[in-house]
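Participant: Questions regarding the structure given below will be posed in turn.
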């Protein structure tokens, strides 16, 4: 009786195939997991706590400007003796917004969105308001906290 | 010990080691339509890819994938390195040509219904090549870290973020974080010069294997006069390669592609920011879409619609197994819609 007709032999071959295939799959999973985690940025990535964005005197009353808090562009609005900070990312497609002194509003030139100085949507394609960020003043410097 | 008959044809030492006779007889069995320009597009796409590989390797010698140095290094290549402008021009124009050929190749396969059974794997590998090719173009466009590159990276990754279910993860994965940074640039570089080319090499090999292993039914049904693949078709293809090379060199020398100003994340995105030409139609749809569609935020709805269309496109040989006329008509309608939307985006 040839080995190809031997049911025990077929069983052994199947067992070997399963063992090799299973081992290969295990190697891929065990080796792949750290690679995926290495490439996957943390959802919490952001500035670690409040970031100094400049001296308070750099943000005069009745003005607004875009500065960087770490890698994040933020709009600092100084109106009615109050300093507020918003993410400068338009909530439509994340283009960077700018302050328009002429229209007294924050505008996204990219797709025509506009926001009030308190972050509300005034017009254009955006649906959600600008994300407000917490600000604090320490030793004459303005600090902005950007969540991840 | 075996001995060859005295009258057996002598093949050279190298031909024997290469198995040339078997390869030659395999090539002799292949034929392509005599006057069909369509059959040159696949080879020309590959040639445009090879031009990018060659010029890309040269660019790697001087390019620096760091947000603080990338733009200056591209400026240096273009202005100071001997023939740097030519090498960069060849790379940029060949990339555009490659994407155009890729899209044209897909369109021709659709209208000729060459995707139908048994070419399912040929089609699927082709769709995968399109995705990798667009990924190559997208990551390459980020590398100069100019104002335009920065805007395209920002908007492009945000659009990818509207993919259903995996969008947020995908956006962070592309950016290397929540915000664009030097990590975005080095990630785009690693994908552009290593991961995507490696994937493309494997998929191109698979694509050739799949399309040569099973017959293209549409070709067999066409009853047109054919010529041998080797040497007739390959010689004509070679002439077409020379034509493309001359075209790319001419464009690289006489049609300068501006690098633009260096990216500054504090500057507002300009109103005239334009995406790459192959994204103009999508750009126009996103720009003009209503704020909400069926209670869903406009871009999120479009992200879902584009994903669904993409899945349907990839599954074409399984949806339309016999290659119906409807697919041909839809291909033409799709082409005109894309051209019209792109034109509107520019004006």
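Just so it is clear, none of the values below were taken in a lab; they were calculated from the coordinates. On a predicted model such as this, the values are computed, not experimentally measured, just so you know. Neighbour counts are summed over all protein chains in view; Cβ atoms, including those assigned to glycine, are modelled from backbone coordinates with ideal geometry.
Participant: Classify segment B:116-209: rounded, prolate or oblate, from the alpha-carbon gyration tensor (a ≥ b ≥ c, eigenvalue square roots; a/c under 1.5 rounded; otherwise prolate if a/b is larger than b/c)?
Facilitator: Working: a/c = 2.63, a/b = 1.78, b/c = 1.48.
Note, shape of segment B:116-209 comes out prolate.
Participant: If you find the alpha carbon centre of segment A:99-148 and of segment B:123-166, how far apart are they in angstrom?
Facilitator: Their Cα centres are 28 Å away from one another.
Participant: Provide a whole-number value for the mean count of partner chain Cβ atoms within 10 Å of the Cβ atoms in peptide A:94-106. Mind showing how you got there, number by number?
Facilitator: Numbers: counts 11, 9, 10, 2, 5, 1, 1, 0, 0, 0, 0, 0, 1.
Mean shielding count: 3.
Participant: List the pair-distance distribution P(r) of segment B:243-293, using every Cα-Cα distance, as the percent of pairs falling in each 10 Å bin from 0 up to the bin containing the longest distance, rounded to whole percents.
Facilitator: 17, 29, 32, 17, 5
Participant: Here's something else I'd like to know. Run the quick spin-label model on residue B:315 and residue B:245: label points 7 Å from Cα toward the beta carbon, then report their separation in nm to one decimal.
Facilitator: Spacing of the two 7 Å Cα→Cβ label points: 4.5 nm.
Participant: I want to check the label-to-label distance for residue B:267 and residue B:22. Put each point 7 Å from Cα in the C-beta direction and report it in nm to one decimal.
Facilitator: Going by the 7 Å Cα→Cβ label model, 6.0 nm.
Participant: Can I ask one more? Using a/c under 1.5 as the rounded threshold, could you call segment B:27-69 rounded, prolate or oblate? The axes a ≥ b ≥ c are square roots of the C-alpha gyration tensor eigenvalues, and prolate needs a/b larger than b/c, oblate otherwise.
Facilitator: Working: a/c = 5.97, a/b = 3.57, b/c = 1.67.
Prolate.
Participant: While we're looking at this one, here's another question. Would you work out if segment B:49-88 is rounded, prolate or oblate? Take a ≥ b ≥ c from the square roots of the eigenvalues of the alpha-carbon gyration tensor; rounded if a/c is under 1.5, else prolate when a/b is larger than b/c, oblate otherwise.
Facilitator: On the way: a/c = 2.74, a/b = 1.40, b/c = 1.95.
Judged from the Cα gyration tensor, segment B:49-88 comes out oblate (a/c at least 1.5, b/c at or above a/b).
Participant: Could you tell me how far the Cα centroid of segment B:10-71 sits from the Cα centroid of segment B:295-347, in Å?
Facilitator: Cα centres, segment B:295-347 to segment B:10-71: 31 Å.
Participant: Now, a different point. Roughly how crowded by other chains is peptide B:97-110, in terms of the mean Cβ count from those chains within 10 Å of each of its Cβ atoms? Intermediate results must be reported in sequence, preceding the final value.
Facilitator: Details: counts 0, 0, 0, 0, 0, 0, 0, 0, 0, 0, 0, 0, 0, 0.
Partner Cβ neighbours, averaged per residue: 0.
Participant: Across the residues of B:282-290, average count of Cβ atoms on other protein chains within 10 Å? Provide the component values of the computation, followed by the final result.
Facilitator: Values: counts 0, 2, 0, 0, 4, 6, 2, 2, 1.
Partner-chain Cβ atoms within 10 Å, mean over residues of B:282-290: 2.
Participant: Using only alpha-carbon positions, what ratio does the radius of gyration of the protein assembly as shown give when scaled by 2.2 N^0.38 Å?
Facilitator: 1.20
Participant: Also, quick follow-up: Arrange the following residues from fewest to most other Cβ atoms within 10 Å of their Cβ: B:108, A:76. Working shown, then result.
Facilitator: Working: B:108 17, A:76 25.
Least to most surrounded, the residues fall as B:108, A:76.
Participant: A follow-up question, please. Please state, to two decimals, what the Cα-based radius of gyration of chain A comes to when divided by 2.2 N^0.38 Å (N = residues). Walk me through the numbers on the way to the answer.
Facilitator: Working: Rg = 28.2 Å, N = 148, 2.2 N^0.38 = 14.7 Å.
Compactness ratio reported: 1.92.
Participant: Further, regarding this structure: Provide the descending list of Cα extents for segment B:219-318 along its principal axes, expressed in whole angstroms.
Facilitator: Result, largest extent first: 57, 45, 18 Å.
Participant: Continuing with this model, one more query. For Cα pairs less than 8 Å apart in space and 6+ apart in sequence, what is the mean separation divided by the residue count of chain B, i.e. the relative contact order in percent? If you can, show how the numbers build up before the last one.
Facilitator: Working: 354 pairs, mean separation 93.9, N = 347.
RCO, chain B: 27 percent.
Participant: Please pull out the direction-averaged projected area of segment A:77-127, using the convex hull of its alpha-carbon atoms, in nm² to one decimal place. Don't skip to the end; give the middle numbers.
Facilitator: Details: hull surface 12.9 nm².
The directionally averaged projection comes out at 3.2 nm².
Participant: Highest first, please rank the peptides B:144-150, B:322-328, B:59-65, A:22-28 by the mean number of other Cβ atoms sitting within 10 Å of their residues. Present the calculation step by step, with values, prior to reporting the outcome.
Facilitator: Values: B:144-150: 23.6, B:322-328: 13.3, B:59-65: 16.6, A:22-28: 10.0.
Taking the mean over residues of other Cβ atoms within 10 Å, the ranking is B:144-150, B:59-65, B:322-328, A:22-28.
Participant: Given N residues in chain B, what is Rg(Cα) / (2.2 N^0.38 Å)?
Facilitator: Numbers: Rg = 23.0 Å, N = 347, 2.2 N^0.38 = 20.3 Å.
Scaled against compact globular proteins, the figure is 1.13.
Participant: Note down the nm distance, to one decimal, between modelled labels 7 Å out along Cα→Cβ at residue B:68 and at residue B:226.
Facilitator: Label-label distance for residue B:68 and residue B:226, simple model: 6.2 nm.
Participant: Further question: Which percent of Cα-Cα pairs in segment B:53-203 sits in each 5 Å bin, short to long?
Facilitator: 2, 9, 16, 19, 18, 15, 10, 6, 3, 1, 0
Participant: Of B:125, B:114, B:25, which is the most mobile in a GNM of chain B whose springs link Cα atoms less than 10 angstrom apart?
Facilitator: Most flexible of the set in this elastic network: B:25.
Participant: Based on the Cβ-Cβ distance from residue B:50 to residue A:81, what FRET efficiency comes out when R0 is 51 Å, to the nearest 0.05?
Facilitator: Efficiency at R0 = 51 Å is approximately 0.20.
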